[in-house]
Amino acid sequence: MASTFPDPRASAPAARSATDRPARIESHGIDHIPDTERHGRPRELFSVWAAANVNYLSLVIGGALVLMGLGLGQALAVIVVGNAFWLLTGVLAVSGPAAGAPSEVITRAMYGVRGNRVNNAVTGWMISVCYFALNLAAAAGAAFALVEKAGLHAGTGVKIGVVLLIAAATLTIGVYGHALIIRLYLPITIALTAAFGVVGYAVLRHADFGYAPDAPLTGTALWATLIGGVTLIAAGPLSYTTSADFSRYLPATTSRRAVVGWTALGGFLPSVVVCSLGALAATVVDMTDPQAALETMLPGWFTPLFLLSLVLGTIAINAMTAYSAGLALQAVGLRIRRSLSVLADGAVAVGLTLYALLVSNFLDTVSNVLELTVILLGPAMTVYAVDILLRRNRYDGRALMDETRDSAFWYVAGVNPAGAVAVAGGAAVAALCVNTAYTGPVADALGGVDLSLPAGVAVAAVLYALLMRGRIPAPVTPPTAG
């Protein structure tokens, strides 16, 4: 039986034209979106991704590059190269209009009906919930400072209340779903752009454009830091293996180039700008405490607005994360409405957040978590992108809904060996090359140079392409436009 669990009202034909409205809880879950309910334009995707990437965590990461010992020019180059991985996020998004299904279902083509449940449990649900908690914890300090400026003491009880309040706003957007995200994220993008425009002006006034570290890195140490920085930045776009979740309502004839372009641009531009502001600020202030450091450069009247913008940015990115995590929980096989699955994800993430606030060195925790997830997310995203290329983005959304043994995606006992071997092989090689929370044998032999990202991606791509050779069936649906 197919795991398609829309809310009950989605099954009424008369209500289909109203299933994706901002003021209504989205009734579709991981079920197929019929052509009659497809709508929207690809340019809407720009604000969706832009709003999610004007955030506090990007400032933290940008500042971290300078703290790692890079010069300003080196840090800015790393930021651009790392964020170029948003192109992969855009490529994955084209499968949404083609299939009329979210990424959590499309990946059945890569891993098989049963194998995909494991994929969704790990790369879809577990990592999404961790990112939700990580982002919420990163902005919690801003919210606490805002409470203090309002004249309240941010004790333990108040802190818990603030985290719950932010989570409630986030989960409300996630529960109402796709249409509300599309409607809200344009004004959120405009508001955050205005706020960070003020931050940018202040940072540019104070930044040391000729900055160079007192002890410049050279040789192996420099290469290790440069590649590690790219990996740290790339962890952001690589975490969005679910970009089809937000494009699946677009008509099947939507231009592929437009979907790729607006998605990639929406992630790339704000990420580069905000990360660069963090790096520029680090040339004149100590970014080990980014919030306090930036406040020293901002006009006093703007500080509360700055803190509020950090909270708003976190709500934007986490609402998308919670939305996808809810779909992943359904795709694992739990018979639960999407709206309830989002709330369940939020409860777990809030618990993790409250724990994370007790971590003594949060910046190191951020770096380690983001870099370690690349071990798995790099190969997983690569397999998805290669599958799109092999199939020429031709996916039969209705066939993907079939989870029976007669399914075209049952493969061997419900698992596609090609996808499983490619991801496992890529992750294994990446684990040997990593140098973050631990040092793998390859990284150790190379003097600390971390090649986990390129190695994992390359191995996964080659393995999947070779193992799927001759196994892609003839297309059953016409190609989309563009």
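The values are calculated or read from the model by the stated rules, or taken from the named source; none is laboratory data. Just so it is clear, the structure is predicted and the values come from calculations on it, not from any experiment. As a convention, Cβ positions derive from the backbone with ideal geometry for all residues, glycine included, and neighbour counts pool all protein chains shown. The protein model used for the area step is the full one, side chains on, heavy atoms only, and it has no ligands, DNA or RNA in it. Shrake-Rupley method; radii C 1.70, N 1.55, O 1.52, S 1.80 Å.
Worth pointing out:
- Per-region count, the stretch 146-193, residues of a type in the set (A, V, I, L, M), open to solvent by less than 70 Å² (accessible area, probe 1.4 Å) and not in a helix (DSSP H, G or I): 1
- In the stretch 200-224, the residues that are modelled with pLDDT under 95 form Cβ pairs under 8 Å with partners that are among the charged types (D, E, K, R), at six or more places apart or across chains, as follows: Ala224/Asp450.
- Of all residues in the stretch 201-227, those that are open to solvent by 10 Å² or more (accessible area, probe 1.4 Å) and either part of a helix (DSSP H, G or I) or in contact with a strand residue (DSSP E or B) (Cβ under 7 Å, 6 or more places away or on another chain) (or both) total 13.
- Scanning the stretch 39-73 for residues that are closer than 23 Å to Ala319 by Cβ and assigned to a loop (DSSP other than H, G, I, E, B) yields His39, Gly40, Arg41, Pro42, Arg43, Val54, Asn55.
- Pairing each residue of the stretch 83-106 that is more than 17 Å from Ala52 (Cα to Cα) and charged (D, E, K, R) with any residue that is open to solvent by 10 Å² or more (accessible area, probe 1.4 Å) and not in a helix (DSSP H, G or I), provided the two are 6+ apart or on different chains, yields C-beta distances under 9 Å for Glu104/Thr242.
- Within this structure, Thr254 passes the test of being of a type in the set (S, T, N, Q), farther than 25 Å from Leu76 by Cβ and open to solvent by less than 20 Å² (accessible area, probe 1.4 Å).
- Residues satisfying the stated conditions in the stretch 378-400, i.e. acidic (Asp, Glu) and open to solvent by 20 Å² or more (accessible area, probe 1.4 Å): Asp396
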